[in-house]
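Here the structure is laid out as structure tokens; the discussion comes afterwards.
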Amino acid sequence: MGHDIVALSNQFVEFRLSKKNDEAAKMVADDVKWTSPTMTGSEVYQGKDKVKEFWQKQDKDLPTIVEKTDFIAKDDTTATRSITIKKMMMKFKLNQVYKFNAEGLICEYETAKA
């Protein structure tokens, strides 16, 4: 594939934490599948427009990352890391997985409780 998926993952996270959603959106595929945990399970957003809508809602109450591991490349298309977030005075440990297509765009994202 030839893309540095660890560097791309870090750049994407930097854009999202800075709420630079237009820049972040350039890093995802039009048909991206985005899975994010909720208190009762998870929600799936399909397509760049739906994901951008989710980000706008999420930006109003982004959790604080209190611990994180570095991204590691599981293979040529998948980068992963663990984070611990603090939200509403509670801590949650999560695993993040970014999958990239041949163009180096995020085509699938999943965060799940560890």
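Residues whose amide H comes within less than 5 Å of that of Lys68, counting only those at least five positions distant or on another chain, are Thr84 (H built at 1.01 Å from N in the peptide plane).
In order along region 62-67, the Karplus-derived 3J(HN,Hα) couplings, from 6.51 cos²θ - 1.76 cosθ + 1.60 at θ = phi - 60°, round to 5, x, 8, 7, 9, 8 Hz, and Gly and Pro are given as x.
Amide H contacts under 5 Å for Lys74: Ala79, Thr80, restricted to partners 5 or more places along the chain or on a different chain, H placed in the peptide plane at 1.01 Å from N. Think of a 1.4 Å ball rolled over the protein heavy atoms: region 42-111 then has 63 Å² of accessible area per residue.
Take the Cα of Val66, step 7 Å toward its Cβ, do the same at Asp4, and the gap between the two points is 3.2 nm.
Let me know the volume per residue of the alpha-carbon convex hull for region 1-54, in Å³.
Enclosed volume per residue, from the Cα hull, is 102 Å³.
3J(HN,Hα) along region 93-110, derived from phi through the Karplus expression 6.51 cos²θ - 1.76 cosθ + 1.60 where θ = phi - 60°, amounts to 9, 10, 10, 10, 10, 10, 10, 10, 8, 5, 7, x, 9, 5, 10, 8, 9, 9 Hz, with x in place of Gly and Pro.
The values are calculated or read from the model by the stated rules, or taken from the named source; none is laboratory data. Nothing here was measured: the structure is a model prediction, and the numbers come from that model. Neighbour counts are summed over all protein chains in view; Cβ atoms, including those assigned to glycine, are modelled from backbone coordinates with ideal geometry. Each accessible area value is taken on the protein alone, full model and side chains, heavy atoms only, with ligands, DNA and RNA left out. Shrake-Rupley method; radii C 1.70, N 1.55, O 1.52, S 1.80 Å.
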